[in-house]
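Taking it in order: structure first as C-alpha cells, then the write-up.
The values are calculated or read from the model by the stated rules, or taken from the named source; none is laboratory data. No experiment lies behind these values; they were computed from the predicted model shown. Cβ placement follows ideal geometry from the backbone for every residue including glycine, while neighbour counts extend to all protein chains displayed.
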Amino acid sequence: MLKLHNTLGNKDEEFHPLEEGVVRFYTCGPTVYDYAHIGNFRTFVFQDILCRYLRYRNYKVIHVMNITDVDDKTIQNARAQGMTLKDYTTKYTEAFLQDCKTLRIQLPDLLPRATDHIPEMVALIETLEKKGYTYRKDGSIYFSISHFPGYGKLSKADFSGAQSGTRIDTDKYDKENARDFVLWKARKEGEDFWETEIGPGRPGWHIECSAMSMKYLGETFDIHCGGVDLVFPHHENEIAQSECATGKPFVRYWIHPEFLIVEGEKMSKSLGNYFTLKDLLSQGYSPEAIRYLLLSVHYRKQLNFTKDGLHQAQSSIQRLEDFILRAKEIAKPEEPSPDFNAEVQAVREHFTDAMDADLNTSAALAVIFDFVRFAYQKDSQKAFSGGDAQVAIDFLKEMDGVFGILRTQSELLDEEIAQQIEARQDARRRRDFAEADRIRQWLLSKGIQLEDTREGVRWKRIS
Ligand code: AMP
Ligand code: ZN
C-alpha cells in the first residue's frame, strides 16, 4: 500500500485517490523569468518520479503543471530586455521544457500558462467578492485572511492575531509578515495589464494556481506538489481562495520536497550559489548523473549538492550499465532458472516496499544495487544462465521506467554529444587528460566513437 507524507496532516497517509484508479495531480511549475537552476530541478525530478511511480502502480495519472508567465520579475526583465512579456516568457518556457527533456522528465499532460487563464482568475475573484471574502483598495483586490478560519492549517501557524485590513502586495513573504494578500493588482504605469470586469490590472501569483488547477482537475483533487518554500504563503493562500470559493476541500494530499542546498544554504538565484543544467553539462557532467544525484536522496531530506556527489552518481550509473553490457553478452531467449526468477520477484517486492514507504528512492536504489551484486555473484559461480541474464536486463529496464537513469545510445541527442566533446576539449586545454579520457570512455559506452582529426573532433555512432 502506497503511503505518502501529507503536509496537511503532517504524517504518512495511505494513498487512495478520489476516483479509483485515477490520480489528479497538480504541480506548481516554473516562473519563467530566467533559466531554472538544478535546485528547481530537484523538485521537478521528484515530481516526475512520483508520476512515474504512480503509473508503475497502474494508476492513470492526469498531471497538470502551470507556467507562471506573469509576475513582478517576468514583467521587469522583459522590459529591461525591450521584449514583450509573451516573447520573453516564451523563450524561458522553451528553455525549461528543453531542460526537462534532457533530464528525462516526462512532460505533464497539460502545461497551462497563467496569461491564457485571466478570465478564469477573474471569475474566481468575483465569486470570492460575492461571498464577502475580499475588499478593494486603490484598484487592487485583497483576500481578507481573518474571514477564513482554516487559514494556517497547512503551514501549522496560528494567524488569529493577524490584523485585519493590513495588506501585502508582494507575492512572496514569510509567516511573520502574514497579512491580507493580493488577488488582483491594480494597473501600474508601464506594466502589462488586462482590461477586465473587475477593473484593469493583473493577477497575483496565488490566484493563478487555484484557477488553473480547479479548471483542469476539479474543485477537489488528489495531489498538489511544490518545493517546501511554497507551503507558506503560496499553498496556504491557494487553500484559502479555493475553499472559500467552493466550500469544498481543495486538495487531499499536499506533498513538499525539501531543498537542494549548497554549503548549508538553499540553492537560489538570489544567493547566487546556483548552477543551471547547461552550466553542469558544459563541465562534462552527463544529464543522467545529474538526474541520479537529484533523485538519490529521499525527497523530504535536504540534498547537499557537490561535484563529488555528481562523480559518485556517474560511477553508480556506470556500474549498472557495465552490468547490463555483461548480461547482454550472455543473454539468450530461454527460460530462466526457477531460483533466479524467484529472486527477481522478491527483489521487485522489496523495490515496491521501498517506494511505497513515501517514495524512499535511496532504499529502492539500494535494492537494485544489491540485486546487481547478487547477479554478479551468480555469474562468477557460473550459475548465471542466458535466460537469467535476459530476465535481469528486463528487470533493470522495468525499474528504469521509474528512475529514468539508463539511456540507450539512440536517445543521446546530437547537441549533448557536442557538449560532451566541447567539455573534453576544455579538459585537454587544461591538461586534465584523465577527465578528457573519462569523457571519451563515457561516450564510447553510449556507442559514440570520437576521432581526432586535423579539422577537429569527428564522431560517429557505432553499434
Ligand atoms: P520558481 O520558479 O521559483 O517558482 O520555483 C520552481 C520550483 O522549484 C518550486 O516548486 C520551488 O519550491 C522549487 N525550488 C526552488 N529552489 C529550490 C531548491 N534549492 N531546491 C529544491 N527546490 C527548489
Ligand atoms: Zn502554484
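Observations, loosely collected:
- Some residue of segment 273-293 being at pLDDT 95 or above, among the basic types (K, R) and in a loop (DSSP other than H, G, I, E, B): no
- For the residues L406, L359, L396, the requirement of being in a loop (DSSP other than H, G, I, E, B) and closer than 26 Å to S337 by Cβ singles out L406.
- Odd one out for F221, checked against (1) within 27 Å of P149 (Cα to Cα); (2) within 16 Å of ligand 1 (Cβ to nearest atom): (2)
- Test result for R57, in the same structural domain as Q241 (by TED's automatic domain parsing) and within 27 Å of L294 (Cα to Cα): yes
- Among residues that are in the same structural domain as R300 (by TED's automatic domain parsing), at pLDDT 95 or above and surrounded by 16 or more Cβ atoms within 10 Å (Cβ to Cβ), M212 is not included.
- Residue check for K332: surrounded by fewer than 19 Cβ atoms within 10 Å (Cβ to Cβ) and more than 16 Å from ligand 1 (Cβ to nearest atom): yes
- One residue alone among D72, D12 is outside the structural domain of L230 (by TED's automatic domain parsing) and surrounded by fewer than 21 Cβ atoms within 10 Å (Cβ to Cβ), and that residue is D12.
- Screening the candidates K215, K188 for the property of being charged (D, E, K, R) and either in a helix (DSSP H, G or I) or within 12 Å of ligand 2 (Cβ to nearest atom) (or both) yields one hit, K215.
- Of the listed requirements (1) within 14 Å of ligand 1 (Cβ to nearest atom); (2) crowded, with 23+ Cβ neighbours inside 10 Å, T276 misses just one: (2).
- Residue in segment 106-115 that is within 16 Å of ligand 2 (Cβ to nearest atom), farther than 26 Å from F46 by Cβ and at pLDDT 95 or above present: yes
- Residue in segment 237-248 that is within 16 Å of ligand 1 (Cβ to nearest atom) and in contact (Cβ under 8 Å) with a residue 24 or more places away in the chain present: yes
- With respect to the stated conditions, Y142 is in contact (Cβ under 8 Å) with a residue 24 or more places away in the chain, farther than 30 Å from S286 by Cα, buried (at least 19 other Cβ atoms within 10 Å of the Cβ) and in the same structural domain as F46 (by TED's automatic domain parsing).
Okay, residues lined up against (1) crowded, with 23+ Cβ neighbours inside 10 Å; (2) among the small types (G, A, S); (3) more than 9 Å from ligand 1 (Cβ to nearest atom):
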residue	(1), (2), (3)
Y26	yes, no, yes
V32	yes, no, no
F44	yes, no, no
R55	no, no, yes
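- Number of positions in segment 249-264 that are buried (at least 20 other Cβ atoms within 10 Å of the Cβ), assigned to a strand (DSSP E or B) and either among the polar types (S, T, N, Q) or near ligand 1 (Cβ under 8 Å from one of its atoms) (or both): 1
- Selection from segment 6-37 of residues that are within 16 Å of ligand 2 (Cβ to nearest atom), of a type outside the set (S, T, Y) and under 16 Å from the mean Cα position of the chain (by Cα): F25, C28, G29, P30, V32, A36
- Tally, over segment 163-209, of residues that are surrounded by fewer than 22 Cβ atoms within 10 Å (Cβ to Cβ) and among the hydrophobic types (A, V, I, L, M, F, W, C): 5
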